[in-house]
Amino acid sequence: MAWTSSHSWLASLMAPTPLALTIGVLLVLSIPLFLHFVIYRSTTSTTLPTFLLVGPSGSGKTSLLTLFERGQPATTRTSQTPLTVELSLPLTTPAASSQYRSAADPSTQFHKKFLLADTPGHGKLRHHAFDTIIKPQNLKGIIFMVDAADISTSTSTTGAAGNEALRQTAEYLHDLLLLLQKRANTKTSRAPPDIPVLIAANKLDLFTALPAPLVKSALETEITNVRNSRGKGLLDSGIGMDDIAGGAGEEREWLGEGGEGKFTFGQMEESNVQVSVVGWNVVGAEGPDVQGWWAWVGENL
Amino acid sequence: MLDGFEILTTSGVVLWSKSYAPVSSSIINGFIKDVFIEEKVLPGASVADDASASQNPTYKKEQYTLKWASVKDLGLIFVAVYQSLLHLTWVDKLLDNIRIIFVDLYRDQLKKPHTSVVECDFDGYFDQQVKELEGAADKNPQRAPQVTVNDLTPPSSSDNGIEGLPPPLPGLAAVSQTGQLKKPHNNGDSTDITPVSTPDTSRPTTPASHILGGKAGPKSRRAKKAMNAPANASSGDERKGKPKKDTGKKMRRWDADGMADDDDGTVLDYSIQSPDEDGMHSPEINAGIDGIDMQSAGTRTGKGQYVLKDLDSEVHSILEGANEKKSQSASSSSGVVGSSLGVISGLFRNVIGGKVLTKEDLAKPMRAMEEHLLKKNVAREAAVRLCEGVERELIGVKTGSFESVETTIRTAMESSLRKILTPTTSLDILRSITAVTSPSNLNPLSPSPRPYVISIVGVNGVGKSTNLSKLAFFLLQNNFSLLIAACDTFRSGAVEQLRVHARNLKELSARESLAKIDLYEKGYGKDAANIAKDAVSYASSNNYDVVLIDTAGRRHNDTRLMSNLEKFANFANPDKILMVGEALVGSDSVAQARSFNSSFGARRGLDGFIISKCDTVGDMVGSLVSMVHATGIPVVFLGVGQHYGDLRTLNVGWAVEMLMK
Ligand SMILES: Nc1nc2c(ncn2[C@@H]2O[C@H](COP(=O)(O)OP(=O)(O)OP(=O)(O)O)[C@@H](O)[C@H]2O)c(=O)[nH]1
Ligand SMILES: [Mg+2]
């Protein structure tokens with residue numbers, strides 16, 4: 001008798017009762033919806049495309065950020081903590097990601113939102129910037145701000161130490177590019193997305209400022225020096241530590257191809273890092289002039 | 001009188017400022033660097049939640065004195081700048097009160113993520129406080145003014161500002177919703193009661209002129225903004241039109257009322273510009289601001305009279321409220337039921353995170369952390385200070401989700417160790433040497449080449465000569481020609497020891513055909529400073545790249561020998577003075593580092609440490625931290641063995657990992 005009872009139990013379960021059917025249909029319909037919302041919610045909050053502002057202290061990063069947020073730069077002081085603001089691309093600038101959309105597509109009528117993240121430039125606080133690059137969340141590009149007036153040789157006659165500002169700037173940029181190169185070369189299952197770097201020669205309103213092409217060549221020369229002396233320098237105490245933040249790893253890493261001869265930003269393309277240099281000014285008597293910014297953001301969004 | 005007052009965020013944006021006299025921005029930047037980033041001015045021993053300004057150390061730069069207060073969870077810093085010649089007793093109180101008022105008024109805006117904009121119309125509140133506190137200080141110069149409820153209540157019945165208001169009340173109530181009404185009231189008042197805040201008010205002024213004088217700055221800024229407005233319109237949003245129209249309507253009604261008042265010009269200007277200002281922001285922000293204004297206006301109307309009263313009473317009610325809250329929280333924590341409930345939810349929160357940390361929560365884990373650091377050979381003084389710093393940073397902070405108190409402390413300690421050990425500027429010694437020995441010939445102003453001078457100091461037996469020869473070996477390999485100057489004319493055998501090293505290195509360089517290396521010696525008993533000076537001039541006439549000066553070891557508490565160092569630094573004028581310290585040394589390291597750092601006179605200090613014998617201590621690398629912490633001077637090299645090649649630079653990540661293991 002046992003099998004009949006179990007059979008009937010099974011049969012009743014399998015029978016197409018209206019209740020079972022409705023529950024089944026509801027489940028089938030709601031699970032994808034549910035999953036969609038869960039995943040959608042959790043991702044949108046974190047993965048708004050992000051652009052990162054880095055550069056030595058006093059180069060004008062926070063000023064730039066406030067300029068974009070309010071239409072005019074705020075007074076700023078040395079930053080101690082990172083700051084992220086949400087911006088939206090003006091309707092007139094097309095985003096690269098919507099190039100296949102037709103002009104009549106209603107979605108192009110909406111603002112493309114993105115985050116702009118400012119980091120402190122002080123030597124002790126650069127780990128904020130590096131951490132963001134090591135664990136990027138939808139990082140679309142890096143803007144490296146340079147104080148073009150500060151690195152010009154004519155103004156800084158700091159005597160024995162040479163052009164300190166240029167050296168510091170080049171060193172920061174070197175470390176940044178090296179990190180990007182390492183990131184591109186780490187063997188992961190899926191290649192990390194390319195991160196373009198925009199070097200912004202800021203403060204061009206000052207008459208002592210170097211124009212963008214000269215900033216570029218000055219930085220390239222100085223990075224060559226940094227690379228050479230890094231190559232000859234002592235090993236650091238973290239040898240054998242195998243994480244990307246720790247620096248050396250087992251063997252020394254070179255920036256660019258083999259580390260021989262002169263460094264040019266073109267060498268970074270091997271690691272899929274596009275470096276471009278523009279000049280602008282955030283503050284100035286004739287108002288801010290940051291041409292090329294929106295176009296660059298649009299290209300990389 | 002104050003020179004300036006600023007409210008800024010830790011992310012570097014000035015939210016509100018008032019300047020009475022131009023103060024160079026380098027003053028406040030220097031203050032931020034020295035106090036918060038490089039921690040050169042160590043905060044006082046007291047650990048309190050957002051300590052009152054009087055407990056924060058005063059910072060002096062050039063002719064200025066800076067006093068400050070902070071709100072950690074909102075990342076705010078309040079700074080007052082004044083001439084050091086003045087003795088302003090009321091500044092602490094001003095900072096504390098302004099902090100309370102500002103946070104109370106704008107807390108919601110400050111908490112908003114992804115924006116740096118805080119719409120604040122704070123001038124009136126600030127002027128009121130300055131006037132009040134300064135006035136009180138003038139009356140009783142002996143004691144600092146205490147803000148008590150009694151002397152705060154304003155004689156509102158005799159207040160001209162209120163009597164002078166136009167009668168139609170319904171219109172006024174509507175206006176008050178925009179939150180802008182306070183402005184003209186305040187200005188009207190401050191002219192009645194002799195205001196001391198602005199320079200031009202020593203004589204009685206008409207309200208209009210006072211307002212115009214005070215408002216000149218913002219007005220011109222707004223004018224500029226108005227010019228920019230078309231450019232921004234493109235980035236605007238369709239929806240923005242709506243709130244704009246609303247405010248516009250209200251403001252217009254006020255205009256009509258304001259005509260009766262004599263300060264209509266300012267009001268008009270204000271009302272025209274404010275919608276524009278709102279229009280600058282994205283719709284969310286816009287909506288948020290409106291919401292806040294409505295809300296606060298609502299509560300104020302709820303209190304009935306408060307709307308019509310002036311700013312004074314609003315400010316005092318805020319301050320009173322803060323006081324009440326403080327006393328309330330003090331009494332509630334002593335209640336039995338409250339505390340046991342608190343313990344349970346605290347335990348729960350400890351597991352799932354989101355707990356707001358108090359001093360009590362931190363006490364035990366901080367003790368454990370301190371023990372841990374001591375075990376790693378960190379000097380007690382440094383360990384205590386470090387823990388205090390972390391505690392100060394964490395009190396009032398919410399732990400992350402699924403983060404226990406311990407992990408939060410750990411992360412905070414890691415980042416504070418990293419901050420301490422990371423040098424402010426790069427320590428690439430090769431590049432520094434190249435810059436001096438072969439300055440770029442592109443620049444006509446650059447100085448002519450000269451030898452780079454490094455001198456090594458330290459207590460007896462820490463390995464000065466050994467590390468000097470390691471450094472020499474490293475520089476030789478980079479093809480710098482070296483002159484080693486034997487300036488230890490005190491301990492017998494010192495010169496011979498260097499001679500041996502020099503001979504070894506010479507052989508080595510001959511074998512690998514590297515640069516020249518020589519020893520400059522003048523025997524014993526002579527004055528070290530003179531020998532060093534001679535060595536440097538000998539090196540520059542014979543084209544050496546680097547001069548390495550060995551000095552006599554000296555106990556840091558031997559005043560006679562230590563005092564020689566100043567003369568030595570003046571004579572030899574080294575580019576770098578490096579102190580060798582032992583990794584083994586315990587609590588003594590702090591005192592050693594301090595006294596060596598201060599022994600070269602007022603204008604000169606150490607440039608870096610070489611920590612020797614690091615291979616003998618395993619992961620107990622605490623003396624690194626002790627020495628850097630005591631002086632703020634970076635570690636340039638680590639000695640890790642007996643061979644010439646056993647010299648390393650410091651990897652901060654490695655050191656932190658060792659310390660936290
Ligand atoms: N003349 C001129 N000054 C500028 C320009 N951009 C920024 N500045 C000024 O440079 C100073 C520093 O600007 P910040 O934006 O605070 O610098 P930062 O890069 O954020 O610096 P940290 O936060 O310390 O890393 C401010 O006083 C700005 O007014 C510019 O284009 N021209
Ligand atoms: Mg900044």
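The values are calculated or read from the model by the stated rules, or taken from the named source; none is laboratory data. Keep in mind it's a predicted model, so treat the numbers as computed, not measured. Methodologically, a virtual Cβ is constructed for each residue, glycine included, from the backbone with ideal geometry; neighbour enumeration extends over all protein chains shown. Calculation scope for accessible area: heavy atoms of the full protein, side chains included, ligands and nucleic acids excluded. Shrake-Rupley method; radii C 1.70, N 1.55, O 1.52, S 1.80 Å.
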Quiz prompt | For B:10-23, mean number of other protein chain Cβ atoms within 10 Å | solution = 5
Practice problem: Partner chain Cβ atoms within 10 Å, averaged over the residues of B:424-433 - can you pull that number for me? | Solution: 6
Quiz item: What net charge is computed for the residues neighbouring A:SER276, neighbours being all others with C-beta under 15 Å from the C-beta of A:SER276, Lys and Arg scored +1, Asp and Glu -1?
Solution: -2
Quiz item: How much of B:SER626 can a 1.4 Å solvent probe reach, expressed as accessible area in Å² and rounded to 10?
Solution: 0 Å²
Practice problem: Take the Cβ-Cβ distance between B:GLU38 and B:TYR524 as r, set R0 to 41 Å, and report the resulting FRET efficiency rounded to the nearest 0.05. | Solution: 0.50
Quiz item: Using a 1.4 Å probe, how large is the accessible area of A:SER30, given in Å² and rounded to the nearest 10?
Solution: 50 Å²
Practice problem: Evaluate the distance, in nm, between pseudo-label points positioned 7 Å from the Cα of B:MET660 and of B:GLN328 along their respective Cα→Cβ axes. | Solution: 3.8 nm
Self-check item: Cut-off 17 Å (backbone N to label point 7 Å along Cα→Cβ of B:ARG503), residues of the stretch B:468-490
Solution: B:469, B:484, B:486
Quiz prompt | Cβ-derived FRET efficiency at R0 35 Å, A:HIS36 paired with B:THR358, nearest 0.05 | solution = 0.25
Quiz prompt | Contact surface A-B: accessible area buried, both sides summed, square angstrom, 1.4 angstrom probe | solution = 4800 Å²
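Given the peptides A:17-23, B:120-126, arrange them by the average over their residues of other C-beta atoms within 10 Å, most packed first.
Most protected by this proxy first, the peptides run B:120-126, A:17-23.
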Exercise. Express in nm, to one decimal, how much length is gained between A:GLN291 and A:LEU214 on full extension, taking 0.36 nm for each residue of separation and deducting their alpha carbon distance.
Key: 25.9 nm
Exercise. Return a single number: how many Lys pairs in the stretch B:1-125, at a sequence separation of 8 or more or on separate chains, have alpha-carbon atoms below 26 angstrom apart.
Key: 29
Practice problem: Over the whole of A:66-76, what's the average partner chain Cβ count within 10 Å per residue? Rounded to a whole number, please. | Solution: 6
Quiz prompt | Cross-link pairs beyond the 29 Å C-alpha cut-off, checked among B:LYS359/B:LYS613; A:LYS135/B:LYS613; B:LYS364/B:LYS419; B:LYS376/B:LYS533 | solution = B:LYS359/B:LYS613; A:LYS135/B:LYS613; B:LYS376/B:LYS533
